Each structure stands twice: as C-alpha cells, then as structure tokens.
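The values are calculated or read from the model by the stated rules, or taken from the named source; none is laboratory data. Keep in mind that what you see is a predicted model, and the values were worked out from it rather than measured. Note that each Cβ is placed from the backbone with ideal geometry, even for glycine, and that neighbours are counted across all protein chains shown.
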Amino acid sequence: MTTPLICNNYINGQWKSAATAILESRNPANKDEVVATFVRSTTADVDAAVAAARQAYRSWRLVPAPARAEYILKVGELLGQHKEELAQLISREMGKPLLEARGDVQEGIDCAFYSAGEGRRLFGQTVPSEMPNKFAMTVRMPIGVCALITPWNFPVAIPCWKIMPALVCGNTVILKPAEDSSACATKLVEIFAQAGLPPGVVNLVHGIGEEVGKALVEHPNVDLVSFTGSSETGAQVGAICGRTYKRTCLEMGGKNAQIVMEDADLQLAVDGAVWGAFGTAGQRCTATSRLLLHREIKEKFTAMLKERTSKLRLGAGTDPHTDVGPIVNERQLQRVKRYVEIARQEGATVLIGGEIAGEEQLQNGYFFQPTILDRVKPKMRVAQEEIFGPVVALIEVNSFEEAIAVLNDTNYGLSSSIYTRDINRAFAAIRDIEAGITYINGPTIGAEVHLPFGGVKHTGNGHREAGTTALDIFTEWKTVYVDFSGSLQRAQIDNRG
Ligand code: UN1
C-alpha cells in the first residue's frame, strides 16, 4: 500500500497546507486504502483564491490568445508524459478500469490540443454597416473569474474541458473538484503549474461541496460558475447564480436510452448496450440506463445481453482483467441497491445481478453486480430517475413511434441512441429525439471533445461544453462600430433620406 498523497490547495501559484481539518479520499475497491488526504477548506480559503484569480485576471486577459494557448499546449504535452501515472491514480481513487482511466486522460490531452488551436482563431464576425464609411465587427471578450465545480467520474477530462477553454478565452479559474477525486485534481493542477502559468491563473480549492462549492457560487467576485453534477444540486447552483447575476453553465443528469429496432444488427446492439450500460460501472451521465427493445427482437436480444453480462468480471480498476470496477463510495452503493429494491417493489424483475457483490475478494470494496431489470414500464421510478450505477432497465416497445415517445418521456435529455438499418428511421430519430446527443448504431457513451457536449430539459441550461460551443460559455460578445466618416451618422434615420 502506498502512502497517502497530501493534497493541498493551490492559490496564487503556491501550495498551501491546511490550517483547518483534513479529509480523506479512499480507494473504492479497497476501503482500507487511503489514497489521499485533502484540505477541508473554509470560506477564508475561497476568499483568498477568488482574490488571487481576480488579481491575475487583470494581466491574463491582456496576454494574446495565441500565447495563452501555448501554455495549454504545454499542459497537453505534460499530460501525455504523465498519462500512465495519472491513469493509475484515477483507477485507485475513483475505481474505473485502467483502460477507461487512460481514455479519461486522453480526453484531457485531446481537449488541450483542440483548445490550444482556438487560441489562433477565437473568430468573431465582420458585418457590413448600413451607413457609409462605417465598420462593424464582433469580438469575444473574457468573462473574468470562473468557478469550476467538477465531478469525480471523469476526474481529469471534465476539469480539462472547463479549465482549458476558460483560460484560452482569457479568464482565470478556481477549480473545486469532487471530494472523491481530490488526488486526481491535485495531480492535474500540478501539471498546469508545471506548464508555467502565471500565479493566480489556475487555483485549486479542496473541500466539501456544501461549504466550499456553495461559498464559491455565492461569492460576489466570481463572474461565472460552470458545474457538472446532479440535477438537484445544479438547480440550487442555478438559483444562486440567478440571484447574483452570474453566467452559469450546468451539465446535469441523464436517463439515456438506447433503442433497438427489429431490423438492427443485434450483435452490434448488444456490444453497444454492454459498453454503454456497464462501462465506468454505469457512472457516466451519458450511461445507457434504459434499453427500449422492439417486441420482435426483445427475447433474442435479452438472452444475448444476459449471456454477455454474466461474463463481465468485477474487480479493482487497477486489475487488468477487470471489466467493471467498483461504485465510488458507500453512499452511492446504497443508492444503487435502493433503486433495485424500488424496481422490485414496482413490479420489475431482476434478470441478472441486483445485489452487492458477494465474492470474498470484493468484500473490501463497493462492488455492485452488473444488473438487468426486466419488465420495466416507462413510468416506473427506475425508468425515470438517474441511478448512476451498473443497472439497465429493459422496456418493450411495439413500434418506432412508441420507442421515440418512451425515450422522450423523461425529464432528462443528454444522450440517446438507436440501432437500426433503416436510414429513414435513423433520420426521423435524429429529428424527433429530445436530447443533446444522438448516436446512430453506436452506444450512448463516447463523446469526442471537438463536438458540443450537453443536453436539454433538466440536463442542462442551454449551454454546450467542448467544441467551439465552449467559447460561448467562456466569452461575452462585444459588438464594435467604427465610424470613419468624420461626421455624425444616425442609423435608421440619416440613410432613410
Ligand atoms: C460524463 O459522464 O459526465 O461521452 C462525461 C462520454 C464521455 C464523457 C462523459 N466522453 O461518455
């Protein structure tokens, strides 16, 4: 067992050890292993970080965007050099299998190279004026100090999605990572520090969401809050930001469905379902949590899915043989268990799994068996509420129209998928599905960083992370008119004779 990492706050270019209490982050595959200890920050720490970010903003916003982007390029290179070390840490701290942990870091690397390119674009528009001898254009302006509140399930990728475009656009940031991924956040910020960013441009404040996260969201000197997490917390964040006039970007829950039509390639659809439902132990906001199966293929598909699921190996993420890792903590484990009980009470049946893993070697971690719930009806709680675990609900549908209606019948709208060989249906699905992301013949997980990421309804508040749309989160438009006529020209009046 390795000695726990000591995770300090990073404020104004300095690592600050705790004046206050210390918290622990543990390996979910082995709860005796303390992966890291971290600071339980107070509002005084938040004040210090905000002040540092505010001060740094004065000069950072004036650094040319291509030069700001060069730091991000450097971060990308460093992430590449530390990829394996970071992946191991991700697996130990939040449990996902190494293969996926490497993907998590790779997503951060991809984001670095993509965002860095934006430093040489940040395009605005030039637009003709209705008046002679007058020039009109739009330019992107930074927002200011950004509080970035990130979850534990993509402990490198998600902070990168937020920090990198924020910095390229000329903002300064304070990262508040989830308690369960404090070590990963610390290592990531170490890499930003190594890239030589000026003090105060990136700050890190550890601690408890209700304390530190809340203090950041309420802080009068924070201009923007970007939050990824549950819809319940997101609604609270949004309410406070509304009251305090902050730009707010919310990425919240999902209840993603994969439709399998009667003409689908069933093997492909099963492969997609297994990966979408049980990858990251179902702990993705894009995870497949409902399978909408056409009645003609339901029996066959279900048998194939059950067979595949029975072969999945539960284990520590750091074990190369593991297919499905642990649930992140005891509270989440109990939540998953409770949902399976609710499903049973509502009349669903457990086809496979449904229990906390009984194997002796798994007793020291938070392992839940990959679970298929059958005979689920669209209105049941397990078909409506986000579970965030390795549980997938099977719902039988009679037609394409019914499949779309059931898919749309939730409060969420992040990811979605349809397996069909019918091009007409595929395009109708693209048009009619209410979700931010739709996959045709692919699972609901696996978004790429250069395309917009986010959802509709209770999943988001209209923003899209990643892609060029990230720039819309982290900049304000300024419209500029340059009148070089040398005389007063009154728009809408003088050109109307
Ligand atoms: C998340 O779960 O919040 O599309 C992000 C995917 C990943 C990102 C998931 N690239 O599944």
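Below are the figures for this structure:
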item	result
Test: residue in the range 245-261 that is touching a residue at least 40 places away in the same chain (Cβ under 8 Å), in a helix (DSSP H, G or I) and either out of contact with any helix residue (DSSP H, G or I) (no Cβ under 9 Å at 6 or more places or on another chain) or more than 16 Å from the ligand (Cβ to nearest atom) (or both)	no
Test: residue in the range 40-50 that is buried (at least 23 other Cβ atoms within 10 Å of the Cβ), over 22 Å from the mean Cα position of the chain (by Cα), more than 16 Å from the ligand (Cβ to nearest atom) and closer than 16 Å to G170 by Cβ	no
Candidate set from the range 354-370 (those that are among the hydrophobic types (A, V, I, L, M, F, W, C) and under 27 Å from the mean Cα position of the chain (by Cα)); member that is farthest from F278 (Cα to Cα)	I356
Options A136, A178, A116: the member that is more than 16 Å from the ligand (Cβ to nearest atom) and in contact with a Ser or Thr (Cβ under 9 Å, 6 or more places away or on another chain)	A136
Matching residues in the range 463-497 - criterion: being in the same structural domain as V225 (by TED's automatic domain parsing) and at positive phi	A466, G467
Filter result for V189 (away from the ligand (no atom under 16 Å from the Cβ) and either surrounded by fewer than 22 Cβ atoms within 10 Å (Cβ to Cβ) or under 26 Å from E118 (Cβ atoms) (or both))	yes
Pick from the range 452-489, criterion assigned to a strand (DSSP E or B), within 27 Å of T248 (Cβ to Cβ) and of a type outside the set (K, R), ranking: farthest from the ligand (Cβ to nearest atom)	V480
Qualifying residue in the range 280-293 (condition: closer than 30 Å to L148 by Cβ, within 16 Å of the ligand (Cβ to nearest atom) and assigned to a strand (DSSP E or B))	yes
Contacts under 9 angstrom Cβ, first residue in the range 462-479 being without any contact (Cβ under 8 Å) to a residue 60 or more places away in the chain, partner aromatic (F, W, Y), 6 or more apart	R464/F453; G467/Y114; G467/F453; T469/F453
Selection within the range 321-331 - farther than 12 Å from V391 by Cβ and either part of a helix (DSSP H, G or I) or under 25 Å from the mean Cα position of the chain (by Cα) (or both)	T322, D323, G325, P326, V328, N329, E330, R331
Residue within the range 200-214 that is touching a residue at least 40 places away in the same chain (Cβ under 8 Å) and out of contact with any strand residue (DSSP E or B) (no Cβ under 9 Å at 6 or more places or on another chain) present	yes
Counted residues, the range 27-58 - those being within 22 Å of F368 (Cβ to Cβ) and either in a helix (DSSP H, G or I) or without any contact (Cβ under 8 Å) to a residue 40 or more places away in the chain (or both)	0
Pair list, Cβ under 7 Å, 6 or more apart: the range 426-442 residue farther than 18 Å from E402 by Cα, other residue in a helix (DSSP H, G or I)	G436/T459; N441/L268; G442/G272
Top-ranked residue of the range 55-93 - restricted to ones that are hydroxyl-bearing (S, T, Y) and over 23 Å from F113 (Cβ atoms), ranked as surrounded by the most Cβ atoms within 10 Å (Cβ to Cβ)	S91
